[in-house]
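Some notes on the structure that comes next.
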Amino acid sequence: MAVGAIVKRIVSQFKRDKRSLALMLLAPMLLLFLVWLVFNGSDYKPLIGYDNLPNPIIESISDNSEELLKLDREEAISLMKSEELDAYISMENEQPAILLEGSDSNKNSTVMQVVEEALQSMDNNQKGTEPKVEFLYGSSDLGLFDRVGPVLIGFFVFFFVFILGGISFLRERTQGTLVKLLSTPIKRWQLVVGYVVGFGTFTILQSILIVLFSVYILDMHMVGYVWELLIVTILLAITALTLAILLSTFANNEFQIMQFIPIVIIPQVFFSGIFNLDTLDKWIQILSNFMPLTYGGADALSDMMIKGYHLQDVWFNIVVLCGFALVFFLLNIVVLKKHRTL
């Protein structure tokens, strides 16, 4: 009887907590679907430019690339800077010369494989010629960790700020502090600003520690300026904090805060730059545009650390991050109406 009573109580709790029940049943299928989308793409075919190449090489590269364009070196470099070209191949003194865009080690490997196969089509007296390889960004030492490292920095900042900020604000509600504050003449926007600045002080400290540890201790590839990297990371942390405060208003306990992780945090891992989305359907690539981590990690931090971009070069990403933070901030003000009508 005692065991039956315990079982009945637990079943009743889950029946009342529809969100937990839905998470338990639907979240695993959602995550498996995301994994299937990411890993079910076709093989990546590089975009390659060329000049002064023998016809056999041109034909071979054309068969194994997405697009092959005849360009001069200046045009190729311009396209690489706008991420519209992966490599440029030409002949210099009868030696193949390859200029790789260089920021993505996976794409570099794909290009080199295509070129090596193409060189097999050359005349016997040219076979075995070792190509000269240059990098527009990065170097031959740029590994997988260097490529995904900027995204990981952004992800860990976003993840821990979201968890700590959400739980901290939830405790403000459950312990009655928020109700007491709302009983005073304080404005809702002042309350939100106070919480963002208060929690934000610690999120800024966390962001600084993560960036410095990654660059100076883990020796992650870094070309740009650390102080500029910190600005973008702090903006990403503030975005995560305002989102955490917003979602915490819909949670009744810490467990329900954790329920938002499979819905809000994990999808950003799949669609923010760790995995190559170029081979996936267009609608999946569009989906990544709604992820804050796409702009903070995959674009801004990666460009600054690997390509040496500065703040003015990633201004669009900064504006979008500020836009996300502003929207979440305004929504927080609106949501507080359910606690008090001013």
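The values are calculated or read from the model by the stated rules, or taken from the named source; none is laboratory data. Keep in mind that what you see is a predicted model, and the values were worked out from it rather than measured. Reconstructed Cβ throughout: ideal geometry from the backbone, glycine too, with neighbour counts over all protein chains shown. Heads up: the accessible areas ignore ligands, DNA and RNA and are worked out on the full protein's heavy atoms, side chains in. Shrake-Rupley method; radii C 1.70, N 1.55, O 1.52, S 1.80 Å.
Select from the stretch 165-185 the residues that are modelled with pLDDT under 85 and of a type in the set (A, V, I, L, M, F, W, C) and list them in ascending order.
First pass over the stretch 165-185, keeping only residues modelled with pLDDT under 85: 168-185.
Within the stretch 165-185, Phe169, Leu170, Leu178, Val179, Leu181, Leu182 qualify.
Run down Lys282, Lys307 and say which single residue is more than 25 Å from Asp43 (Cβ to Cβ), basic (Lys, Arg) and either out of contact with any Asp or Glu (no Cβ under 8 Å at 6 or more places or on another chain) or open to solvent by 10 Å² or more (accessible area, probe 1.4 Å) (or both).
One residue alone meets the criteria, Lys307.
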Checked the stretch 235-289 for anything among the small types (Gly, Ala, Ser) and part of a helix (DSSP H, G or I); matches are Ala237, Ala240, Ala244, Ser248, Ser288
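Any chance you could count how many residues in the stretch 310-325 are open to solvent by 20 Å² or more (accessible area, probe 1.4 Å) and either under 16 Å from Ser82 (Cα atoms) or acidic (Asp, Glu) (or both)?
Looking only at that region, the number is 5.
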Residue pairs within 9 Å by beta carbon, gap of at least six or interchain, first lying in the stretch 39-58 and under 11 Å from Leu69 (Cβ atoms), second part of a loop (DSSP other than H, G, I, E, B) and open to solvent by 40 Å² or more (accessible area, probe 1.4 Å), listed first then second, are Leu47/Glu66; Leu47/Glu84; Ile48/Glu66; Gly49/Asp72; Asp51/Asp72
- Residue check: is Ala298 on the phi < 0 side of the Ramachandran plot, in a loop (DSSP other than H, G, I, E, B) and at pLDDT below 85? no
